[in-house]
Amino acid sequence: MKNYEFDYEIYPDGISEDVYDLEPSVWNRGYYCETDEGVWYELYVNETVKSDYPTIAEDFDNIDSISYSFRGFSSLYLGDYEENAQITFFVPNEEEEFTFDEMTDIFI
């Protein structure tokens, strides 16, 4: 799977457009940025999800870990999850499975 990097020179505002169709049982808030290659998401889980999953270890091979469900997402970044409840990832234009909706479904 290709690892994408966000280009702040082309998109100086960053991932800053509001996502309006958030599932309130999962997300507190979210932002996106459309690029030529696809869409970047920066999503913040709500307090309930955060209390259920206070940390998300990058243990993608362990079927008993929640991170196992994240193993197919492109450019997944969980480094700000523990402190800010933030999940950042990229959905390439051709991606049909590991999308914003799929990320939401993991927590429902």
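Bear in mind that the values in this text are calculations on the coordinates, not laboratory data. The structure presented is a predicted model; accordingly, all values stated were derived computationally and were not measured. For neighbour counting, all protein chains shown are included, and Cβ atoms are generated from backbone atoms with ideal geometry for every residue, glycine included.
Fully extended, how many nm does the chain gain between residue 82 and residue 53 (0.36 nm per residue separation, minus their Cα-Cα distance)?
Working: separation 29, 0.36 × 29 = 10.44 nm, distance 0.91 nm.
Extra length available between residue 82 and residue 53 comes to 9.5 nm.
To the nearest 500 deg cm²/dmol, what mean residue ellipticity at 222 nm is calculated for the chain from DSSP H runs of n ≥ 4 alone, each contributing -39,500 (n - 2.57), summed and divided by the residues? Mind showing how you got there, number by number?
On the way: 3 runs with 18 residues, N = 108.
The helix-only estimate for the chain comes to -4000 deg cm²/dmol at 222 nm.
Can you give the longest run of the chain that contains no chymotrypsin sites (Phe, Trp or Tyr not before Pro) sitting in a DSSP loop with at most 15 other Cβ atoms inside 10 Å?
Numbers: sites that count: 8, 20, 60.
The reported range is 61-108.
Normalised by the number of residues in the chain, the mean separation of alpha-carbon contacts (under 8 Å, six or more apart) gives a relative contact order of 25 percent.
When the square roots of the Cα gyration tensor eigenvalues are ordered a ≥ b ≥ c, the ratio a/c for the stretch 17-107 is 1.5 or more and a/b does not exceed b/c, which makes its shape oblate.
Using Cα springs under 10 Å in a Gaussian network model of the chain, which residue among 34, 94, 23 shows the largest mean-square fluctuation? Looking only at 34, 94, 23, the biggest GNM fluctuation is shown by 94.
With each label modelled as a point 7 angstrom along the Cα→C-beta vector, the residue 63-residue 19 pair spans 2.8 nm.
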